[in-house]
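Enquirer: Okay, handing you the structure first.
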Amino acid sequence: MICSRCKKNPAIVFVSSSKDGNDTKGYCLKCAKELNIKQVSDIIDKMGITEEDLEAAYDQMRMLTEDGSLDMNELMDMSGLDDDLDEDDDQEKF
């Protein structure tokens with residue numbers, strides 16, 4: 001899934017405004033931080049990740065996908081993020 005806000009980076013932070021999860025939006029780390037999602041900002045700050053670090057990581061991912069050697073779906077498959085999300089579907093939502 002691509003970020004709902006910037007439409008260019010992979011979404012890795014998912015926020016739902018309803019209990020049933022039907023209104024879930026996915027954001028990349030950069031957009032989640034810009035939207036002041038506290039948990040994301042706290043983790044990024046504790047890890048000492050700078051804006052430049054985030055941009056460099058996304059630039060590297062874009063280079064992999066733009067040169068034709070890897071598409072965004074393959075990148076998500078390699079990361080295991082899709083598998084983690086599928087496993088969460090079986091768990092009770094809070």
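The values are calculated or read from the model by the stated rules, or taken from the named source; none is laboratory data. For clarity, every value in this text was computed on a predicted model and none was experimentally measured. In this analysis, Cβ positions are derived from the backbone assuming ideal geometry, glycine residues included, and neighbour counts consider all displayed protein chains.
Enquirer: Could you please find all residues in region 9-28 being without any contact (Cβ under 8 Å) to a residue 40 or more places away in the chain and in a loop (DSSP other than H, G, I, E, B)?
Expert: If the condition is that a residue be without any contact (Cβ under 8 Å) to a residue 40 or more places away in the chain and in a loop (DSSP other than H, G, I, E, B), then ALA11, SER17, SER18, ASN22, ASP23, CYS28 are the ones that fit.
Enquirer: May I pose another question? Considering only residues that are hydrophobic (A, V, I, L, M, F, W, C) and farther than 15 Å from ALA11 by Cβ, look in region 49-65 and name the one that is surrounded by the most Cβ atoms within 10 Å (Cβ to Cβ).
Expert: LEU64
Enquirer: When region 27-42 is examined, which residues are found to be hydrophobic (A, V, I, L, M, F, W, C) and surrounded by fewer than 14 Cβ atoms within 10 Å (Cβ to Cβ)?
Expert: Residues satisfying the conditions do not exist here.
Enquirer: Which residue out of CYS31, CYS6 is in a loop (DSSP other than H, G, I, E, B) and either under 8 Å from the mean Cα position of the chain (by Cα) or not aliphatic (A, V, I, L, M) (or both)?
Expert: CYS6
Enquirer: From the list SER4, SER41, SER17, which residue is modelled with pLDDT under 85 and at negative phi?
Expert: On the way: SER4 fails: modelled with pLDDT under 85; SER41 fails: modelled with pLDDT under 85.
Being modelled with pLDDT under 85 and at negative phi holds for just one of SER4, SER41, SER17, which is SER17.
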